[in-house]
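The values are calculated or read from the model by the stated rules, or taken from the named source; none is laboratory data. This is a predicted model, so every value here is computed, not measured. Heads up, the Cβs are rebuilt from the backbone with ideal geometry, glycines too, and the neighbour counts pull from every protein chain shown.
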Amino acid sequence: MKKIILSVLVAGAVLLVMSLLLIFVEIKFFPGLVEEYFSPVFRWSDTSTDWLFYTHPFVVSLALKWFWERYKDLFKGGDLLRAFEVALVYGIIAMVPVLWVTYSAIDISLGMVLTWLAYGILQAFVAGYIFSKINP
Amino acid sequence: MSPAWVVESGSQLNIEGSSNINRFTCHIRQYLQADTLRWVRDDRLKKLIFRNSAVNIDINQFDCHQKYITSDLRKTLRADKYPQLRIHFLSMDDLTWVQEGQKVRGQVNIELAGQIKRYDMEYTVIHGQGNRFRLCGSKQILFSDFNLVPPGKLAGLVRINQEIKVNFELHFRPYGS
């Protein structure tokens with residue numbers, strides 16, 4: 001149990017740092033894409049909802065940990081390969097259908113949706129790698 | 001009746017701002033109101049004192065050339081409730097002996113989003129034909145001067161910065177000419 005909690009917290013913290021770094025990278029290299037966040041479809045920053053953004057890596061970590069504990073025996077091989085498989089499954093099952101319907105319903109560009117897909121897959125890869133290391 | 005100047009339609013005003021992504025400039029697309037500035041000369045202070053004289057600008061006419069910034073700026077400035085940016089002229093150095101390109105000082109009240117703030121201004125005077133002239137200048141202001149919060153998205157990681165610079169070039173002709 002201690003290992004499970006530890007791996008959720010470690011993965012959550014790493015994903016949080018990664019999300020902040022990726023936003024700064026996106027601002028630096030893809031400013032045109034980031035400008036789209038000024039679209040009215042996105043919430044204005046507000047203390048009543050900002051905390052939801054900063055806690056999302058821990059929600060992702062917790063959900064992926066549940067998935068990991070239930071299906072980790074299906075993922076064979078080294079840490080990197082297992083992490084890659086978790087990322088692939090998460091991307092195909094969780095991300096693609098949700099982003100498909102998101103793109104159909106909300107006025108956002110395909111480029112933005114693809115960055116979210118890449119971001120989700122990367123999150124799952126990093127979390128999967130941490131779980132494989134801490135709690136194989 | 002006290003002398004007056006009429007603001008001509010060729011007048012221009014723009015706002016320069018920035019976000020943590022890039023810079024933007026919002027131009028006023030059309031200046032339609034023929035506002036009139038009435039004044040009296042105070043010989044003791046060598047100043048022109050304005051009376052109920054304001055330039056009115058429709059905030060919904062601002063175009064930032066980036067559709068998301070344009071709509072966010074209007075929302076930030078609460079254009080739905082306060083559609084006008086008003087520059088109330090209070091006083092200005094007497095222009096009688098001012099040479100071409102010379103700077104003069106003055107005071108204005110800027111009314112934005114229901115708040116009024118006083119600013120000291122510096123204008124460059126450019127003379128035109130037939131007693132026409134232009135006042136050019138700029139002023140750095142903060143959204144917070146008017147109790148406004150610049151927009152931020154993604155929990156504030158993507159945001160418009162507090163400082164904006166208002167640049168203007170107001171064209172005047174004497175009333176009645």
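Scan (1) among the charged types (D, E, K, R); (2) touching a Gly at 6+ places or on another chain (Cβ under 9 Å); (3) free of Cβ contacts under 8 Å to residues at least 40 places away in the same chain for the single condition A:Asp73 breaks and write down its number.
For A:Asp73, the exception is condition (2).
Can you tell me which of (1) within 14 Å of chain B (Cβ to nearest Cβ); (2) not in a loop (DSSP other than H, G, I, E, B) is the one A:Lys72 doesn't meet?
Answer for A:Lys72: the failing condition is (1).
Check B:Asn147, B:Asn167, B:Asn109, B:Asn131 and return the single one that is in contact with a His (Cβ under 6 Å, 6 or more places away or on another chain) and not small (Gly, Ala, Ser).
B:Asn109
Taking segment A:1-42 only, how many residues are more than 7 Å from chain B (Cβ to nearest Cβ), of a type in the set (D, E, K, R) and within 19 Å of A:Val113 (Cα to Cα)?
2
Name the residue, out of B:Tyr119, B:Tyr68, B:Tyr123, B:Tyr82, that is within 14 Å of another protein chain (Cβ to nearest Cβ) and without any contact (Cβ under 8 Å) to a residue 60 or more places away in the chain.
B:Tyr68
Which ones in segment B:132-176 are among the small types (Gly, Ala, Ser) and farther than 18 Å from B:Gln107 by Cα?
Answer for segment B:132-176, where residues must be among the small types (Gly, Ala, Ser) and farther than 18 Å from B:Gln107 by Cα: B:Ser144, B:Gly152, B:Ala155, B:Gly156, B:Gly176.
Just checking, how many residues over segment A:21-63 are loosely packed, with under 15 Cβ neighbours inside 10 Å, closer than 16 Å to B:Gly152 by Cβ, within 19 Å of the chain's Cα centre (by Cα) and not aromatic (Phe, Trp, Tyr)?
Residues flagged as loosely packed, with under 15 Cβ neighbours inside 10 Å, closer than 16 Å to B:Gly152 by Cβ, within 19 Å of the chain's Cα centre (by Cα) and not aromatic (Phe, Trp, Tyr) within segment A:21-63 amount to 2.
Examine segment A:96-115 for a residue that is among the aliphatic types (A, V, I, L, M), farther than 24 Å from A:Val8 by Cβ, within 14 Å of chain B (Cβ to nearest Cβ) and buried (at least 16 other Cβ atoms within 10 Å of the Cβ), and state whether such a residue exists.
yes
With within 14 Å of chain A (Cβ to nearest Cβ), farther than 18 Å from B:Val7 by Cβ and among the aliphatic types (A, V, I, L, M) as the only criterion, which of B:Leu142, B:Leu157 stands out?
Only one candidate qualifies: B:Leu157.
Out of segment A:82-122, which residues are of a type in the set (Val, Ile, Thr) and part of a loop (DSSP other than H, G, I, E, B)?
Hits for segment A:82-122 are A:Ile106, A:Ile108.
Being assigned to a helix (DSSP H, G or I), within 28 Å of B:Asp72 (Cα to Cα), modelled with pLDDT of 95 or more and within 11 Å of chain B (Cβ to nearest Cβ) is the requirement here; does A:Thr55 meet it?
In short, yes.
Considering each of A:Gly32, A:Gly111, A:Gly91 in turn, give the residue that is in contact with a helix residue (DSSP H, G or I) (Cβ under 7 Å, 6 or more places away or on another chain) and closer than 30 Å to B:Ser18 by Cβ.
Answer to the check: A:Gly111.
Look at B:Gln162 and say whether it is within 14 Å of chain A (Cβ to nearest Cβ), surrounded by fewer than 20 Cβ atoms within 10 Å (Cβ to Cβ) and within 19 Å of the chain's Cα centre (by Cα).
yes
Quick one: how many residues across segment B:7-46 are touching a His at 6+ places or on another chain (Cβ under 6 Å) and farther than 30 Å from A:Pro31 by Cβ?
Final tally of qualifying residues: 3.
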